[in-house]
1. When residues of the stretch A:81-106 are filtered for being more than 9 Å from chain B (Cβ to nearest Cβ), within 16 Å of the ligand (Cβ to nearest atom) and buried (at least 20 other Cβ atoms within 10 Å of the Cβ), how many remain?
2. For residue B:61, are the conditions met, namely being of a type in the set (Gly, Ala, Ser) and within 19 Å of residue B:154 (Cα to Cα)?
3. For the stretch A:47-68, how many residues meet the condition of being surrounded by 15 or more Cβ atoms within 10 Å (Cβ to Cβ), charged (D, E, K, R) and either away from the ligand (no atom under 14 Å from the Cβ) or away from chain B (no Cβ under 14 Å) (or both)?
4. Right, residue B:156: more than 14 Å from the chain's Cα centre (by Cα) and in contact (Cβ under 8 Å) with a residue 60 or more places away in the chain or not?
Amino acid sequence: MPMIMRTAMLGGVAMMLASLPAQAATMKVVIDKLVFTPAEISLAVGDTIEWVNRDVMEHTATVEGGFDVRIPAKKSASIVVKEAGTLDYYCRYHPNMRGRIVARAK
Amino acid sequence: MSVRISTIFAAFCLLSPAAFAQDAPSDPQIAHIAYTAGVIDIEAANLAVKMSKNEDVVAFAKDMLRDHEAVNKQALDLVAKLKVTPEDNATSQSLTQAAAKERDALAKLDGAAFDKAYVENEIAYHKQVNGALETLLIPSAQNAELKDLLQTGLKLFQGHQQHAEHVATMLE
Ligand SMILES: [Cu+2]
């Protein structure tokens, strides 16, 4: 690819990124060897949490009386944070797996 | 023990850096024990899926099947990669014998009595395996990748133990 064309394309991408409105973020939590990392995440209402499961077994991110997200082996799953507050979650299949979400108001 | 085997054994002890810890299992033996521990739980779970009418117990048993099948496949992939041939040994054999006895006893029960006995047995079994992993198998493992897989196995078995304890409270 000619250099000038590549530069033009990169410039186009940069412009597109710059023109996006300030928007909700996505925070990744990696699951590896039955551990949520980071164990605690801080984010704002409207942001997305994406769990990336690197294990060969399925896990869940479950809040007692709240959400229950299944995260199949080698797959990802996500939710949008709806309310401000601190939520402790765990895995229903392996309750020794624990994580925390600290959500601030928008 | 034949003269030949005892000679080989003595030679092995002289050559082995683990000569002072003759009770410590080798990596091929550890791999066999860990795999056997998974198979035993799979067999117990198959029995529970067949025998139990309790939704929570069946769901738990299916979780055990899914996890242990996945981890045992991972273990087989690892030993193939490491070119380690799992080696049958007295610990694997006594585990298998004890489990067969336990399954026979379980199979004679039904209904709530079966559910209670299965779940209690799962708690006790996972505890026992956790103890073996922590005190013997993980410290004895020489290969770093095998040790790592055993450490993940320990977290998995600890998780299953807690899960089983939770199911037990639902049966009360
Ligand atoms: Cu889990």
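1. Number of matching residues: 3.
2. So residue B:61 fits the description; yes.
3. 1
4. no
Read the figures in this text as sums done on the coordinates, not as results from a lab. Note that the structure is a prediction, hence the values are computed from the model and not measured. For neighbour counting, all protein chains shown are included, and Cβ atoms are generated from backbone atoms with ideal geometry for every residue, glycine included.
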